[in-house]
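Q: Structure incoming, see below.
Nothing in this text is a laboratory measurement; each read-out follows from the coordinates by a stated rule. In this text, all values refer to a predicted model and were calculated from it rather than measured experimentally. Virtual Cβ from ideal backbone geometry, glycine too; neighbours counted across all protein chains shown.
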Amino acid sequence: MALNREWIGKTFPASAPYEVSRVKIREFANAIGDNNPAYLDTDAAKALGHPDVIAPPTFAIVISFQMGAQVVFDPGLGLDYSRVVHGEQSFSYVRPIHAGDVLVGTPRITDIRDAGRNELLTWEAAITTVDGEPVCTAVNTLVSRGTAAEVAQ
Amino acid sequence: VIRYDDVNVGDTIPARDFTVQRINLVMYCGASGDFNVIHWNERIAAMVGLPNVIAHGMYTMAQAGRVVTDWAGDPGAVEEYKVRFSKPVVVPDDDKGATLTVSGEVTEKLDGNRVVVTLTAKAADDTVLQGARATVRLG
């Protein structure tokens with residue numbers, strides 16, 4: 001089933017505040033096999049000028065993924081998640097995410113279009129602290145495999 | 001730590017190999033919260049037309065990112081990082097898994113002590129990331 005094009009431009013409610021913990025950063029760093037001390041050792045991170053351990057550059061996907069759940073699982077959008085593969089991803093940082101940050105964001109669908117037999121869904125979120133300090137913008141393009149309208153007909 | 005003044009366009013970051021096995025994907029499911037069945041269930045992966053279980057694109061992006069952050073010294077120096085996932089990294093259920101090979105090249109020097117590193121990532125002869133680039137602020 002093709003995605004609902006009326007959802008282009010749709011803005012979703014602000015996400016619940018996400019509190020970044022040292023433990024979660026460590027778990028994520030372990031999962032990607034990266035032992036960089038800046039992720040694991042507060043003193044090492046402080047020696048680099050950071051207030052606490054920082055998160056790897058792709059860690060924002062954890063927050064983005066929680067924010068995006070309301071996008072990708074929105075029944076009105078019509079996305080079958082088992083057909084989804086990741087198409088593109090970008091992160092633009094104002095500063096690194098560090099332990100102790102409490103982050104929120106407001107996802108918005110910016111584009112839905114055909115790409116051959118597939119459809120591409122792009123949504124983005126500006127991630128800020130709960131106090132409104134900008135931290136990161138994440139742009140996420142998902143491929144919905146084999147759902148382009150001409151295929152469905 | 002790499003200094004901006006010591007870096008030139010054309011400088012390369014040597015290729016590194018990363019092994020990707022099912023256990024890595026299971027761990028990444030848990031750490032990222034992305035439990036899409038195509039990353040752990042061969043039966044459903046086949047049902048939706050994939051050759052086998054595939055790695056999370058974000059797992060591949062994270063490995064490629066290590067090549068940049070280890071080069072830069074301070075991972076907090078990465079200001080921008082973007083990729084397009086051009087081919088999936090197929091991860092068979094065997095003792096070997098997949099091998100991801102990542103290398104980098106400095107392709108631009110920008111103002112504000114920033115440089116652009118363009119990354120190449122391959123698995124099984126496929127280019128799995130396209131347009132992969134990181135902007136890094138150096139000292």
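Q: Among the lysines, which fall within straight-line cross-link reach of residue B:87, defined as a Cα-Cα distance under 26 Å, with same-chain neighbours fewer than 8 residues apart omitted?
A: Counting by Cα, and skipping residues close in sequence, residue B:87 has these lysines nearby: B:96, B:122.
Q: Enumerate by residue number the trypsin sites (Lys or Arg not before Pro) in segment B:1-63 meeting two conditions: DSSP loop (anything except H, G, I, E, B), and at most 14 other Cβ atoms within 10 Å of the site's Cβ. Mind dumping the intermediate values first?
A: Numbers: sites: B:3, B:16, B:22, B:43; in loops: B:3.
Filter output for segment B:1-63: B:3.
Q: Given points 7 Å out from each Cα along the Cα-Cβ axis, report the residue B:35 to residue A:106 separation in nanometres with one decimal.
A: Taking the simple label geometry, residue B:35 and residue A:106 are separated by 3.1 nm.
Q: Quick one: helix B:22-32 against the long Cα principal axis of chain B, what's the angle to the nearest 10°, folded into 0 to 90?
A: So the helix axis and the longest Cα principal axis differ by about 70 degrees.
Q: Using only the Cα atoms of segment A:1-136, each taken as one equal point scatterer with no solvent, compute I(q) by the Debye sum, divide by I(0), and report log10 of the ratio at q = 0.13 Å⁻¹.
A: The Cα Debye sum returns log10 ratios of -0.62.
Q: Follow-up. Could you give the length gained by full extension between residue A:69 and residue A:19, i.e. 0.36 nm per residue of separation minus their alpha carbon distance, to one decimal place?
A: On the way: separation 50, 0.36 × 50 = 18.00 nm, distance 1.72 nm.
Between residue A:69 and residue A:19, full extension yields 16.3 nm more.
Q: When you have a sec, figure out the Kirkwood radius of segment B:48-104 from all distinct Cα pair distances and drop it here in Å to one decimal? Each step should come with its number before you reach the end.
A: Numbers: mean 1/r = 0.0770 Å⁻¹.
Result for segment B:48-104 stands at 13.0 Å.
Q: Hey, another quick one. Specify the residue with the greatest mean-square fluctuation among B:112, B:97, B:65, computed from a Gaussian network of chain B linking alpha-carbon atoms under 10 Å apart.
A: Between B:112, B:97, B:65, it is B:112 that shows the largest mean-square fluctuation.
Q: For the protein assembly as shown, what is the calculated [θ] at 222 nm in deg cm²/dmol (nearest 500), taking -39500 (n - 2.57) for each run of four or more DSSP H residues and dividing by its residue count? Please list the in-between numbers first.
A: Values: 8 runs with 70 residues, N = 292.
Helix-only estimate at 222 nm: -6500 deg cm²/dmol.
Q: With labels modelled as points extended 7 Å from the Cα through the Cβ direction, what inter-label distance (nm, one decimal) is found for residue A:114 paired with residue B:4?
A: 4.7 nm
Q: Let me ask something additional. So what is the relative contact order of chain A, in percent, for Cα pairs below 8 Å that sit 6 or more residues apart?
A: 30 percent.
Q: In whole angstrom, and with the biggest value first, how far do the Cα coordinates of segment B:1-118 range along each principal axis?
A: Principal extents (largest minus smallest coordinate, Cα): 52, 25, 22 Å.
Q: Working out 0.36 nm times the residue gap between residue A:81 and residue A:126, then minus their Cα-Cα distance, what length gain in nm do you get to one decimal?
A: On the way: separation 45, 0.36 × 45 = 16.20 nm, distance 2.34 nm.
So the extension gain works out to 13.9 nm.
Q: Above 36 angstrom, tally the Cα pairs of the protein assembly as shown and express them as a % of all pairs, no decimals.
A: 13 percent
Q: Distance between Cα centroids, segment B:42-119 to segment A:107-153: provide it in whole Å.
A: The two parts, judged by their Cα centres, are 19 Å apart.
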